[in-house]
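Reviewing the structure listed below.
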Amino acid sequence: MSLLNPSAAGLLRDARRIVVFTGAGISAESGVPTFRDDLTGLWAQFDAQRLATPEAFHADPDLVWGWYEWRRARVLHTEPNPGHLAAAAIEARVPGTVVITQNVDDLHERAGSRAPVHLHGSLFAPRCVAEAAHPAPVPELAAGVGEGRRIPPPRCADCGWLVRPGVVWFGEALPEAALTAAVDAAVACDLLLTVGTSGVVYPAAEIPRLAARSGATVIQVNPEPTPLDRVCEVNLRGPAAEILPALVAAAWKEI
Ligand code: BJW
């Protein structure tokens, strides 16, 4: 491996409390588009940042539900990549590791991470739009879901309101337990790896900054510069599916 900074492997090897903080970039090489990529195909006329809002759902529930069902179908047809596997390998090596993800896919779980903290919810946890305490069953995927179709959301079995995706939209509060767990882990860690996030969506983007302010070393894995560059001791430029496994291998001399 040609790590840009060989000290990164030593920092990883010596850390006792690690946070692996991930964004859409870690799933990119599994074939899940990043959030700020342009949408493709029939969805290309829409802007993800406009669809991921309560206002969009209220204005056109079939459109927004159909978009999330299309994304769920895509995720179901993907597999974890070596980046997800490397995150799980760090967790297996270092018991004090917490994986915190902004992603709504389940690729960390499928890679073997025990209990990733999902700051922005999940594609697999639909719930009532009126009553957050009413979870809804994950529906069968409708035929043709991959074709950019509008799909009417199901109705809540408890109160009859519409079911919505169990994700966190702009302007909504993050799940309290997840945010608390993330903040606690960031304050307590000695190393935070920030992987594949643009670092522009708050309060999640505060997590690496909080870790740095609390004395942790922050290492970033991203092919592009981000606003987090400034808080990172080491910036490893490249795709997560290459850099993370190489970093793990170098830390524990498996190559
Ligand atoms: C690779 C790669 C490879 C590519 N390998 N890397 C403070 C300042 C300014 C604004 C705010 C603020 N505080 C709050 C706000 C408002 C707002 C916000 O942050 N807006 C900004 C955009 C300006 N935040 C909110 O509204 C939040 N709520 C809130 O604050 O509520 C307050 C409240 C309190 C109490 C009561 C009520 C309200 C909620 C934010 C929710 C975000 N939700 C989304 C959608 C989730 C559902 C869905 O998926 O549809 O979460 S938005 C979207 O962005 C998604 C992502 O998780 C999130 C972060 O994106 P991410 O993961 O970083 O992806 P990208 O695409 O941006 O970047 C990918 C990166 O990967 C790039 O850097 C690439 O280079 C890299 N990459 N290939 C490694 N192979």
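Look at VAL64, VAL94, VAL248 and count the other Cβ atoms within 10 Å of each Cβ; fewest to most, that gives VAL94, VAL248, VAL64.
Under 5 Å between amide hydrogens, built in the peptide plane, is the criterion, and for GLY121 it picks out VAL168 among residues at least 5 positions away or on other chains. Over the C-alpha atoms of the chain, the Rg to Rh ratio, Rh being the Kirkwood estimate, stands at 0.99. Sequence-distant contacts, meaning Cα pairs under 8 Å at least 6 residues apart, place the relative contact order of the chain at 26 percent.
Counting neighbouring beta carbons within 10 Å and listing from fewest to most, the residues HIS108, HIS58 come out as HIS58, HIS108. Under the combined filter of DSSP loop state and at most 11 neighbouring Cβ atoms within 10 Å, region 94-202 retains these GluC sites (Glu not before Pro): GLU140. For ILE100, the residues whose modelled amide H falls within less than 5 Å of its own, excluding neighbours fewer than 5 places apart on the same chain, are VAL20, PHE21, THR22, VAL117. Applying the Karplus relation 6.51 cos²θ - 1.76 cosθ + 1.60 with θ = phi - 60° to region 96-112 yields 3J(HN,Hα) values of x, 9, 10, 9, 10, 10, 8, 7, 9, 7, 10, 6, 5, 4, 5, 7, x Hz, where x marks Gly and Pro.
The mean sequence separation of alpha-carbon pairs under 8 Å and at least six residues apart, normalised by the residue count of region 27-134, gives a relative contact order of 20 percent. For region 220-234, 3J(HN,Hα) computed residue by residue from phi via the Karplus equation (6.51, -1.76, 1.60; θ = phi - 60°) reads 10, 10, 6, x, 10, x, 9, x, 7, 3, 5, 8, 9, 6, 10 Hz, glycine and proline entered as x.
Taking 4.7 Å between C-beta atoms as the pairing limit, the chain has these partnerless cysteines: CYS159, CYS189, CYS232. Taking a point 7 Å from the Cα of ALA48 along the Cα-to-Cβ direction, the residues of region 84-113 with backbone N closer than 15 Å to it are 102-107.
With the cut-off at under 20 Å, measuring from each backbone N in region 227-255 to a point 7 Å along the Cα-to-Cβ line of SER214 picks out 228-234.
Every number here is computed from the coordinates shown, using simple stated rules; none is lab data. Only a predicted model underlies this, so the values are computations on that prediction, with no experimental measurement involved. Here the Cβ is made from the backbone with ideal geometry for all residues, glycine too, and neighbour counts use every protein chain on show.
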